[in-house]
Amino acid sequence: MAAHRFTPTLLHNTIGPHSPVLTIASGDTVTAATADAHGFDVNGVQIADRPNPMTGPFFIEGAEPGDALLITIRDIRMTRPTGWTFDVLSPNVVDPAAVIRFPARTKTEWLIDTGTGRARLAAPPPSLVNWSVSIEPMIGCFGVAPELGQAMSTATSGRYGGNMDYRGFGPGVEVMFPVSVPGALFFLGDVHACQSDGEIVGTGIETAAEVTFTARVLKGLKIGWPRGMNESEIFTIGNARPLDQALQHATTEMLDWLMTDYGLDEVAASHVMGQNVRYDVANVFNPAYSVACRVSKEALAGLR
């Protein structure tokens, strides 16, 4: 299988039927450069507008509607030693009475030290002078072109993926998307050096990066919502607002997955899920919220 390297000259603020920037075979690996959520590149130069300009789309040969596209995230490499966040919590994640205590939201610079694996505020308040966070890179926004010729803003998400901002989308993770158009048309961007569950300040540590991924077509695998796998778990993602609808999408997709791949009926799958499901509130800032429904592989051992 071939390996490709791609640096974009044009980025997109919608995920949809744009002209492919590169055609690859199923099984190929690509290392693609990305800009940050406001379009600033590796050199700190703004090369695209907000929100979340995407690198791509990549056309994967053989992908057709009714298939699934499996993306393996091989590596996420920070390419800029700085990033940024907003400095106060999003108003929608606290009680209304607390909002009046916050100052006006501003962008705050972070220093990203890949040598030590830590990130810290460039100008911290006195109480945080000796404080830092572990670098845990993740992809905030990625996915495939939606059905019906739609071009969806990179601010939001849906069945096709998009701006899910789930901290579980890091190196070593495999993610499946439902294919709705020939070639799938895969986009990626909005890399974070670190982020909390929920993206509750409205950002992760936004920065430029290089993402290495492998794309593989899963013929005839019809899925409804994004699915993922890591070393110890399988998980599904639901994207919607209100939050309970996102949870319903993720839970239904997990139910369907256990029934089709593990030979369970609704009752058996309900028993397994009822004692083993764990939920992550992936994002509560974007127009569509995101919820992850997780089940450990240990709980599924011997079912296939």
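The values are calculated or read from the model by the stated rules, or taken from the named source; none is laboratory data. Everything quoted here is computed from the prediction, not taken from an experiment. All Cβ positions, glycine included, derive from the backbone under ideal geometry; neighbour counts span all protein chains shown.
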| task | Output the number of the condition that VAL45 fails; it satisfies all remaining conditions of (1) among the β-branched types (Val, Ile, Thr); (2) over 21 Å from the mean Cα position of the chain (by Cα); (3) surrounded by 13 or more Cβ atoms within 10 Å (Cβ to Cβ). | result | (3)
| task | List the number of the failed condition for ARG120; all other conditions in (1) part of a loop (DSSP other than H, G, I, E, B); (2) free of Cβ contacts under 8 Å to residues at least 24 places away in the same chain; (3) touching a helix residue (DSSP H, G or I) at 6+ places or on another chain (Cβ under 9 Å) hold. | result | (1)
| said: Can you tell me which residue is farthest from the chain's Cα centre (by Cα) among those in the stretch 78-97 that are surrounded by 15 or more Cβ atoms within 10 Å (Cβ to Cβ) and among the charged types (D, E, K, R)? | reply: ASP87
| Check on PHE177, closer than 20 Å to ALA33 by Cα, buried (at least 17 other Cβ atoms within 10 Å of the Cβ) and touching a strand residue (DSSP E or B) at 6+ places or on another chain (Cβ under 7 Å) | no
| Selected residue (only one of THR116, THR156 is among the polar types (S, T, N, Q) and more than 25 Å from ALA48 (Cα to Cα)) | THR116
| message | Test of understanding: among ASN276, ASN283, which residue is outside the structural domain of LEU22 (by TED's automatic domain parsing), touching a strand residue (DSSP E or B) at 6+ places or on another chain (Cβ under 9 Å) and surrounded by 22 or more Cβ atoms within 10 Å (Cβ to Cβ)? | response | ASN283
| message | Suppose we filter VAL179, VAL191, VAL173 for residues that are of a type outside the set (D, E, K, R) and within 26 Å of GLY44 (Cα to Cα); which single one remains? | response | VAL191
| request: Residue by residue through the stretch 19-62, note down the ones that are closer than 23 Å to THR156 by Cβ, small (Gly, Ala, Ser) and not in a strand (DSSP E or B). | output: SER19, ALA35, ALA37, GLY39, ALA48
| request: Report yes if GLU266 is exposed (fewer than 15 other Cβ atoms within 10 Å of the Cβ), within 25 Å of the chain's Cα centre (by Cα) and either farther than 29 Å from GLY204 by Cβ or in the same structural domain as GLY198 (by TED's automatic domain parsing) (or both), otherwise no. | output: no
| How do the strands (runs of 3 or more DSSP E) wholly within the stretch 186-304 filter down when requiring 3 or more residues that are hydrophobic (A, V, I, L, M, F, W, C) and in contact (Cβ under 8 Å) with a residue 12 or more places away in the chain: which remain? | 186-192, 209-218, 233-240, 289-296
| query | Identify, please: which residue in the stretch 25-42 is of a type outside the set (Asp, Glu) and within 21 Å of GLY202 (Cβ to Cβ) and is, among those, surrounded by the most Cβ atoms within 10 Å (Cβ to Cβ)? | reply | THR34
| Scope the stretch 1-18; condition in a loop (DSSP other than H, G, I, E, B) and of a type in the set (Lys, Arg); matching residues | none
| task | Mind counting the residues in the stretch 131-171 that are touching an Asp or Glu at 6+ places or on another chain (Cβ under 9 Å), assigned to a strand (DSSP E or B) and surrounded by fewer than 20 Cβ atoms within 10 Å (Cβ to Cβ)? | result | 0
